[in-house]
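Structure first, commentary second.
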Amino acid sequence: MSCFAVKRGFLNGVKDMERLTEEQIERYSRQIILPEIGGVGQRKLLETRVLVIGCGGLGSPCAFYLAGAGVGKIGLVDSDAVELNNLQRQILHFTHNLGQPKVDSAKEKLQALNPDIEVVPYHLRLTSENIREVIEDYDFVVDGSDNFPTRYLVNDACVLSNKPFCHAGILRFDGQVITIIPLQGPCYRCLFPEPPPPGMVPSCQEAGILGAVAGVLGVIQATEVLKFALGKGELLIGKLLVFNALEMSFRKLTIQRNKQCPVCGDRPTVTELIDYEEFCNLI
Amino acid sequence: MKVKVRIPNVLQKLTEGKIEVYATGQDIKELIDNLDKEYPGIKGRICDESGNLRRFINVFVNEQDIRFLDGDKTQLKDGDEVSIIPAIAGG
């Protein structure tokens, strides 16, 4: 009797275990053994399709853990190339990737970590014209973008397409994260109805970011994805988790759905995607 | 009413780097006015020219969003904790 066969005997979800290969059982054994996952949960993860928007500070650690866990299809969206100043926090990119598209660099590491999954790179900038077509093929979206126009674009597209997503933002030593299930809880516009005027809230490029803070928030996003896929635990729906690294504190703030929200409220006024550069006063 | 106010990183330049400060006020509006006396300029970052809270900043009293309480008229009591949370887009 092989050691794999012995392991099968100890693991739950016998029928689902039979649908996993011996290598998959070994690869994922440390999570299959969790009662909340088992063979059934592992099958769910392998059948889950997640789109990670941004292969930067948030998207890198998030996608890395999703790949490790065996999320079956991971889409990666980013229009940028790897720069030296990215490597302090964007852990999917190495020095030899400088100048390469981030999605190709990220795919290389994810497939090296786990050849058992499908990784689909989208080397493009998301716009009102293409985003709904891109997110259509996925069960869940991770927003790891780095600018306000994309954040409002992702929110509106996900709400209009009824697509669950997890939002996170980081700056200096601070981070915030919330999971948005359209119509079940508040959306990003319920939380922040309007973006700040240009220059009012600095970017990481202007104000800096501790690499490890990006890691903390990106891994929380990955955890939310895995819980969603497994149908286990409580998601951050209607809860903004606020992290501060200097005092090492987490606080969970309650957010409600805004009935006047222009996208998910009772009488929505935004029923199709708009020009988000203009919305953010950037043109 | 003396309450603890948690200052987000982007505004800590105005509070001499302090992450927490103490201030008084019967309600949020008065609290912000008093904060501005101690730390000039902070009100202008939190409120617009009309004195209304900016729409990319949320204020919470003990984890509850004041937009779903009484807005800037939300009453405060001793020992309350007020958090100021701006939108941040870094990724």
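Any read-out appearing in this document is the output of simple, stated calculations on the displayed coordinates, not a laboratory observation. For clarity, every value in this text was computed on a predicted model and none was experimentally measured. Because the Cβ atoms are built from the backbone with ideal geometry, glycine has one as well, and the counts that use them run over all protein chains shown.
The table below lists the values:
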quantity: Quarter of the Cα convex hull surface for segment A:44-96, i.e. its orientation-mean projected area (nm²); calculated: 3.6
quantity: In segment A:229-283, the GluC sites (Glu not before Pro) that fall in loop regions by DSSP, at most 13 other Cβ within 10 Å; calculated: A:Glu234, A:Glu247, A:Glu272
quantity: Restricting segment B:34-91 to GluC sites (Glu not before Pro) in coil, as DSSP defines it, with at most 16 other Cβ within 10 Å; calculated: B:Glu49, B:Glu63
quantity: Long-range Cα-Cα pairs in segment B:2-86 (distance over 15 Å), rounded percent; calculated: 51
quantity: Charge sum, other residues only, whose C-beta stays under 12 Å from A:Ile209's C-beta, Lys/Arg counted +1 and Asp/Glu -1; calculated: -1
quantity: Nearest 10 degrees, 0 to 90: helix A:38-47 Cα axis against chain A principal axis; calculated: 50
quantity: Top of A:Leu235, A:Leu217, A:Leu253 by mean-square fluctuation, Gaussian network on chain A, Cα under 10 Å; calculated: A:Leu253
quantity: Shape metrics for chain A, restricted to C-alpha atoms - Rg then Dmax, Å; calculated: 19.3, 68
quantity: Relative contact order of chain B, defined on C-alpha pairs under 8 angstrom at six or more residues apart (%); calculated: 37
quantity: Assigned charges on the beta-carbon of Lys, Arg, Asp, Glu; segment A:48-279 dipole about Cα centre (debye); calculated: 800
quantity: Descending semi-axes in whole angstrom, ellipsoid equivalent of segment A:166-211, from the Cα gyration tensor; calculated: 23, 14, 6
quantity: Within the protein assembly as shown, percent of DSSP bridges classed antiparallel, to nearest 5; calculated: 55
quantity: Among A:Ala245, A:Ala229, A:Ala157, residue whose mean-square fluctuation peaks in a GNM of chain A (springs only between Cα atoms under 10 Å); calculated: A:Ala245
quantity: Degrees, to the nearest 10: A:102-113 long Cα axis against longest axis of chain A; calculated: 20
quantity: Given A:Lys73/A:Lys227; A:Lys232/B:Lys4; A:Lys259/B:Lys2; A:Lys252/B:Lys37, the pairs whose alpha carbons are separated by over 25 Å; calculated: A:Lys232/B:Lys4; A:Lys259/B:Lys2; A:Lys252/B:Lys37
quantity: Once exposed loop trypsin sites (Lys or Arg not before Pro) are cut out (DSSP; at most 13 other Cβ, 10 Å), longest piece of chain A; calculated: A:126-258
quantity: Sequence-separation-based contact order of segment A:15-113, relative, with Cα cut under 8 Å and 6+ spacing, percent; calculated: 23
